[in-house]
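Remarks on the structure that follows.
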Amino acid sequence: MNTLDQLLRTSADPSQPLVTYYDMATGERVELSTTTTANWVAKTSNFLVDDLDAGPGTRIRIGLPSHWLTTVWILSAWNVGASVVDHAADIGLSGPDLVADEPHRVAASLRPLGGRFPQPPEGFLDLGAEVPGHGDHFMALDLPEPSTAALDLDGTTSTHAELLASVVPDAARRLVVPGSIRRDAELITAACLGGGSLVIVASATPEQISRVAAQEGAEDQ
């Protein structure tokens, strides 16, 4: 594998969980198999290309906490050849706080199952309203190359080839709490390469984390 757009094609059993998300403050639990993740990534990739003209060289800032949608957008950015950045972005993805100043602004309500905002967010495209209607299959016209930038975060740029070379494949079912966008990008890359999976637990006490780890058969990182 030379480029990160191939990550979801490596799964030996696409029906198995890839990303499971818990928010202990709301009781939300979402589980995405590799197949379901690929479906969301295809829809998001089509949205990025068809509606926002994204492609190789596009810079996307993902202003979300660690969340299943964060993982989908990381993979979608790489799928279209875009890089995930923290500055000088062309596209800004915001949470419900609606903080973004990029030329193209998208907002995620972070409601369960990617639901839309109750009222359209002023100045933003509503991810929950825009993405679901796009196609379930994505065919890239401009494929990323190994030298294409994948991440530009905290003053460090990594290409597709560099990220693939630096990440250790992980076969574990790994429980994690919210962290940085770079960490999330490295975790999903490691899980895809190694046949592992992620359990992201937000707003949790140490006791809740231990309980979820036992329920999910996950290793607490």
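The values are calculated or read from the model by the stated rules, or taken from the named source; none is laboratory data. Bear in mind that the values here come from a model prediction, so they are computed numbers and not experimental data. Please note: Cβ atoms are built from the backbone with ideal geometry, for glycine as well, and neighbour counts cover all protein chains shown. In case anyone asks, the SASA skips ligands and DNA or RNA and just uses the protein heavy atoms, side chains included. Shrake-Rupley method; radii C 1.70, N 1.55, O 1.52, S 1.80 Å.
Annotations
- Candidates A204, A214, A191, A171, filtered to the one that is part of a helix (DSSP H, G or I), more than 16 Å from the chain's Cα centre (by Cα) and either at pLDDT below 95 or among the hydrophobic types (A, V, I, L, M, F, W, C) (or both): A214
- Selection status of S147, assigned to a loop (DSSP other than H, G, I, E, B) and either under 17 Å from W78 (Cα atoms) or without any contact (Cβ under 8 Å) to a residue 24 or more places away in the chain (or both): yes
- Scanning the range 30-62 for residues that are charged (D, E, K, R) and either open to solvent by less than 50 Å² (accessible area, probe 1.4 Å) or within 20 Å of S94 (Cβ to Cβ) (or both) gives K43, D51, D53, R59, R61.
- Positions within the range 30-55 being of a type in the set (D, E, K, R) and assigned to a helix (DSSP H, G or I), in sequence order: K43, D50, D51
- Odd one out for A165 among (1) over 18 Å from the mean Cα position of the chain (by Cα); (2) open to solvent by less than 40 Å² (accessible area, probe 1.4 Å); (3) small (G, A, S): (2)
- Within the range 130-162, the residues that satisfy the criterion of being in contact with a helix residue (DSSP H, G or I) (Cβ under 9 Å, 6 or more places away or on another chain), open to solvent by less than 40 Å² (accessible area, probe 1.4 Å), within 18 Å of G55 (Cβ to Cβ) and not aliphatic (A, V, I, L, M) are H134, G135, P144, T148, H160.
- Within the range 76-91, the set of residues being assigned to a helix (DSSP H, G or I) and either closer than 13 Å to T148 by Cα or open to solvent by 10 Å² or more (accessible area, probe 1.4 Å) (or both) comprises A77, W78, N79.
- Residue selected from the range 179-216 under the condition among the polar types (S, T, N, Q) and over 18 Å from N79 (Cβ atoms), by the criterion most open to solvent (accessible area, probe 1.4 Å): Q215
- Selection within the range 4-29 - part of a loop (DSSP other than H, G, I, E, B) and surrounded by fewer than 16 Cβ atoms within 10 Å (Cβ to Cβ): T10, A12, D13, P14, S15, Q16, A25, T26, G27
- Filtering the range 14-50 to residues that are under 26 Å from L141 (Cβ atoms) and of a type in the set (K, R) leaves only K43.
- Test: residue in the range 152-162 that is touching a residue at least 60 places away in the same chain (Cβ under 8 Å), assigned to a loop (DSSP other than H, G, I, E, B) and of a type in the set (G, A, S): no
- Of all residues in the range 94-129 being under 17 Å from the mean Cα position of the chain (by Cα) and in a helix (DSSP H, G or I), the one that is surrounded by the fewest Cβ atoms within 10 Å (Cβ to Cβ): L113
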